[in-house]
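The values are calculated or read from the model by the stated rules, or taken from the named source; none is laboratory data. Treat the numbers as computed from the prediction; the structure is a model and nothing was measured. Neighbour counts run over all protein chains shown; Cβ positions are idealised from the backbone, glycine included.
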Amino acid sequence: MLEHHRIVLMFSGQGSQYYKMGQAFFDGDARFRSTLLELDAIAKHYVGHSIVDVLYDKRRKKEEPFEAITSTSAAIFMIEYALVHVLLDDGLKPDYLLAASMGLYAAAATAGALEPRDVLECISKASAVYEAHCPRGAMIAIFGSPTLHRDLHVLHERSDIAAVNFDSHFVIATVQRHVSEITATLDRNGIAFQTIPVSYPFHSRWLNSASDAAQAILGTLRCRQPTIPIICCSRAAVIDDISPVAIWNAIREPIQFRQTIANLEARGPCYYVDVGPAGTLATFLKYSLPPTSASRTFSILSPFAADLKNYQRLIAARELFADRSVSEI
């Protein structure tokens with residue numbers, strides 16, 4: 001029954017960024033542009049430069065690597081928060097906010113648990129901590145069963161599982177000195193993989209050296225009770241509140257996207273709306289939802305310039321979101 005569908009907004013984190021993300025909205029939606037520019041004025045104070053200028057620099061191409069952690073973290077937060085502002089203004093009322101990794105920042109701000117200004121200051125300071133305390137590394141998406149991590153010695157010994165997205169897709173994190181050995185082994189075994197544009201090994205043991213310093217910065221955040229329930233993929237469940245420990249765990253612990261979706265689906269169908277820059281989580285859902293699921297998935301932003309068309313598709317289906325009965329997760 002349609003009334004049992006719940007709306008779940010999905011927020012992605014590091015790795016989903018690219019130059020020009022959100023530009024169609026920036027150029028074509030005054031609300032998005034206004035929110036992004038307001039955030040940019042704040043970010044400029046903490047980061048030292050305009051994120052908007054970096055994102056929409058005409059000299060940059062979408063396919064160029066965009067990896068500077070301070071800029072990318074701020075940009076992802078700003079894009080997601082500005083897009084949700086448009087969705088809410090158009091009448092979409094989410095039942096849950098699903099956050100993967102640093103997507104928790106935008107989810108928490110959307111739920112009123114954090115102030116955007118505080119988030120941007122925190123992102124700037126925390127990024128400096130990761131750069132100072134953590135070794136550079138890589139995150140690699142592997143197209144195969146997560147059991148490969150157990151079965152291949154080089155993966156088990158030289159990397160940590162950073163995310164399990166669906167049955168045949170997981171992500172590993174490792175340090176730079178192990179990358180060549182790992183990729184050579186994957187090639188030799190005919191295992192498809194893709195390097196994600198993230199230059200630090202998030203969701204792994206190599207982040208532990210930043211734990212104390214990062215949590216000290218997170219401890220300065222003024223946290224309030226969320227007005228919308230937040231599902232954190234590091235827990236695969238609703239988290240009771242936003243705290244320094246909860247945010248740290250979202251960044252340090254593995255992303256359990258597969259299990260998170262399984263838990264949601266066990267409670268009934270959902271309308272999943274991906275507000276991340278690349279529609280990454282919506283793509284994962286195409287492979288993780290069971291064939292019998294009555295859920296529907298919507299993506300909006302994409303590197304393939306279909307943003308406004310995708311948004312119109314969502315708006316056209318908006319009548320499906322009326323008069324629904326929300327089940328507790």
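Residues considered: PHE166, PHE202. Of these, the only one that is buried (at least 22 other Cβ atoms within 10 Å of the Cβ) and touching a residue at least 12 places away in the same chain (Cβ under 8 Å) is PHE202.
HIS178 falls short of the stated requirement of being within 21 Å of the chain's Cα centre (by Cα) and not assigned by TED's automatic domain parsing to the domain that holds GLY13. Suppose we filter the stretch 81-110 for residues that are among the acidic types (Asp, Glu), over 18 Å from GLY28 (Cβ atoms) and assigned to a helix (DSSP H, G or I); how many remain? Going through the stretch 81-110 one residue at a time, the tally reaches 0. Here ALA138 passes the criteria (1) farther than 30 Å from ARG222 by Cβ; (2) of a type in the set (A, V, I, L, M); (3) surrounded by fewer than 19 Cβ atoms within 10 Å (Cβ to Cβ) except the one numbered (3). For the stretch 208-237, the set of residues classified as in a loop (DSSP other than H, G, I, E, B) and within 19 Å of VAL164 (Cα to Cα) consists of CYS233, SER234, ARG235, ALA236, listed by residue number. None of ALA107, ALA100, ALA68 is farther than 14 Å from PHE32 by Cβ, surrounded by fewer than 21 Cβ atoms within 10 Å (Cβ to Cβ) and among the aliphatic types (A, V, I, L, M) except ALA68. For the stretch 179-193, the criterion of being among the hydroxyl-bearing types (Ser, Thr, Tyr), surrounded by fewer than 20 Cβ atoms within 10 Å (Cβ to Cβ) and closer than 30 Å to TYR105 by Cβ is met by no residue. For the criterion of being among the aromatic types (Phe, Trp, Tyr), under 30 Å from GLY268 (Cβ atoms), buried (at least 19 other Cβ atoms within 10 Å of the Cβ) and modelled with pLDDT of 95 or more, PHE11 passes.
Among residues of the stretch 95-110 that are assigned by TED's automatic domain parsing to the domain that holds VAL275 and within 13 Å of PHE77 (Cβ to Cβ), those with a beta-carbon under 6 Å from a residue that is of a type in the set (Phe, Trp, Tyr) and in a helix (DSSP H, G or I) at least six positions away or on a different chain give the pairs TYR105/PHE77; ALA106/PHE77; ALA106/TYR81; ALA109/TYR81.
Applying the condition of being among the hydrophobic types (A, V, I, L, M, F, W, C) and part of a helix (DSSP H, G or I) to the stretch 275-318 and asking which residue is nearest to GLY144 (Cα to Cα) yields PHE284.
Considered as a group, the residues in the stretch 250-293 that are among the polar types (S, T, N, Q) and surrounded by fewer than 17 Cβ atoms within 10 Å (Cβ to Cβ) include one that is nearest to GLY103 (Cα to Cα), and that residue is GLN259.
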